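Data block below; observations after.
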Amino acid sequence: MYESIKGLLIDKTPIKAIVETGGIGYRLSIPLSAYAHLPALNAPVQFFLSQVVREDSNTLYAFLSKDERDLFETLITISGVGPKTALGIIGHMDLSAFQRAIASADVRLLSKIPGIGKKSAERLVIEMRDKIKGTSREKGALLTPADGLTSDAMNALIHLGYNPLAAQKAVQAVLLEKKEESDLGKIITAALQKI
């Protein structure tokens, strides 16, 4: 029913934001990753919305990009994945990393997301594979050898106990700086310095 909201950010926490527009304050549930990208209080902000109506609740889920919102709406159609789990997936893993994990059937990486066990990760891979393929082709996202290095380095950092989103950002930063680097050990070492 709602597409987006634009207004002043009057309150924020890691799991919610309150946006005031037209004299009404809207409480929005946000992914954890969005919190770091929110502007200062009383600054203008725009969110893309997904409304989920349940027997006992009516919740607005808000995202900073249409792609995240579309992924959320796709995820909640999967058996066993509710809005909170879908929000957790988006909050702990970047969209491109999620697409790569699905395309490469990386169940280990997916099961590191809070609320996703091995069986849920396997179901995600099976049910999302065709849906992700369509969006990946449209955007020209083809897997490259660098994607394998990214995935391996992220897995190593996650197994060391680092947050998947922090691991992904650190590895991507290293690969941007050292485009020709192909030694996994050096990439991991450099990424550890960025976390």
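Read-outs: derived from the displayed coordinates by stated rules, not from any lab. It should be emphasised that the depicted structure is a prediction, and the values quoted were computed from it without experimental measurement. FYI the Cβ positions are ideal-geometry reconstructions off the backbone, even for glycines, and counts take in every protein chain you see.
With neighbours defined as other Cβ atoms within 10 Å of a residue's Cβ, the residues Lys84, Lys118 order from fewest to most as Lys118, Lys84.
Kirkwood hydrodynamic radius computed over segment 4-65 comes to 11.6 Å, based on all pairs of distinct alpha carbons.
Each of Gly7, Ile195, Phe98 was scored by the projection of its Cα onto the charge dipole of the chain, and the greatest displacement toward the positive side belongs to Ile195; charges sit on the C-beta of Lys, Arg, Asp and Glu.
The label point for Lys178 and the one for Asp152, both projected 7 Å from the Cα toward the Cβ, are 1.3 nm apart. Oblate is the label for segment 41-117, because the ratio a/c of its alpha-carbon gyration tensor axes (a ≥ b ≥ c) is 1.5 or higher and a/b is not greater than b/c.
Over every Cα atom in segment 145-194, the radius of gyration and the widest Cα-Cα span, Dmax, amount to 9.3, 27 Å. The magnitude of the dipole of segment 67-138, with charges of +1 and -1 set on the Cβ of Lys/Arg and Asp/Glu and taken from the Cα centre, is near 340 debye. Can you pick out the pairs among Lys12/Lys118; Lys112/Lys186; Lys12/Lys186; Lys6/Lys194; Lys84/Lys131; Lys118/Lys169 whose Cα atoms lie more than 29 Å from each other? With Cα atoms farther than 29 Å apart: Lys12/Lys118; Lys12/Lys186; Lys6/Lys194.
Fully extending the segment from Asn42 to Thr21, taken as 0.36 nm per residue of separation minus the present Cα-Cα distance, adds 6.4 nm. Counting 0.36 nm for each residue step from Ile126 to Tyr2 and taking away their Cα separation leaves a gain of 41.7 nm.
Take the alpha carbon atoms of segment 91-134, find their radius of gyration, then divide it by 2.2 N^0.38 Å using N residues; give the quotient.
1.01
May I ask for the net charge around Ala121, where only other residues with Cβ less than 12 Å from the Cβ of Ala121 are counted and Lys, Arg are +1 while Asp, Glu are -1?
Charge balance near Ala121 sits at +2.
Each of Leu49 and Asp94 was given a label point 7 Å from its Cα along the Cα-to-Cβ line. The distance between the two points is 3.0 nm.
Here the contact order of the chain, divided by its residue count and restricted to Cα pairs under 8 Å and six or more residues apart, works out to 13 percent. Every pair of different Cα atoms in the chain enters the Kirkwood calculation, which places the hydrodynamic radius at 17.8 Å.
I need Thr59, Thr13 ordered by Cβ neighbour count within 10 Å, fewest first.
Placing the least packed residue first, the sequence is Thr13, Thr59.
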